[in-house]
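Peer 1: Quick one: structure below, then a few questions.
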Amino acid sequence: MKKPENNQDNFSGCICLDCSLFTSCNQKKNEKLFCARKKSDCEMDSQKMCICGMCPIYSENELSGGYFCINEIVEEKA
Ligand code: SF4
């Protein structure tokens, strides 16, 4: 799976702030757009429901799975 572009458009379009997993820790660290960046440095509760599947960046980039704040996308070597 290919990571989306880590750019301002995608950062603005990310819906992570609306997610039940998103915490004040993520806010403080200005963390989101995990799919294009890296997994969170904060404690994330995988029991809660991820909303990545409802995100425009998710569909635009044909991502699969979710919880990118916990499961970082590892790009296959070409
Ligand atoms: S797919 Fe998830 S991590 Fe990526 S931009 Fe959308 S909400 Fe954020």
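Peer 1: Projecting each Cα onto the charge dipole of the range 8-71 (Lys/Arg +1, Asp/Glu -1 at the beta carbon, about the Cα centre), which of 30, 12, 52 comes out farthest on the positive side?
Peer 2: With unit charges placed on the Cβ atoms, the residue in question is 30.
Peer 1: Under the rule of -39500 (n - 2.57) per DSSP H run of 4 or more residues, summed and divided by the residues of the chain, what mean residue ellipticity at 222 nm is obtained, to the nearest 500 deg cm²/dmol?
Peer 2: On the way: 3 runs with 16 residues, N = 78.
Rounded to the nearest 500, it is -4000 deg cm²/dmol.
Peer 1: At 7 Å along the Cα-to-beta-carbon direction for both residue 75 and residue 11, put a label point, then send me their distance in nm to one decimal.
Peer 2: For the pair residue 75/residue 11, the computed spacing is 1.8 nm.
Peer 1: To the nearest 20 debye, what charge dipole does the range 8-71 have about its Cα centre, counting +1 at the Cβ of each Lys and Arg and -1 at the Cβ of each Asp and Glu?
Peer 2: Dipole magnitude for the range 8-71 comes out near 200 debye.
Peer 1: What aspartates and glutamates does residue 32 reach when the alpha-carbon gap must be under 20 Å and sequence neighbours fewer than 8 apart in one chain are set aside?
Peer 2: 5, 9, 18, 41, 43, 45, 60, 62, 72, 75
Peer 1: Can I ask one more? Cα to Cα, under 18 Å, and not fewer than 8 places away if on the same chain: which lysines meet these conditions relative to residue 29?
Peer 2: Answer for residue 29, where 18 Å is the Cα cut-off: 38, 39, listed by chain and number.
Peer 1: Within the P(r) computed for the range 8-71, what percentage of the Cα pairs occupies the region above 13 Å?
Peer 2: Of the Cα pairs, 57 percent sit more than 13 Å apart.
Where a number appears in this text, it was derived from the coordinates with a stated rule and is not lab data. Model, not experiment: these values are computed from the prediction. Counting neighbours? That spans all protein chains shown, and the Cβs are built from the backbone with ideal geometry, glycine included.
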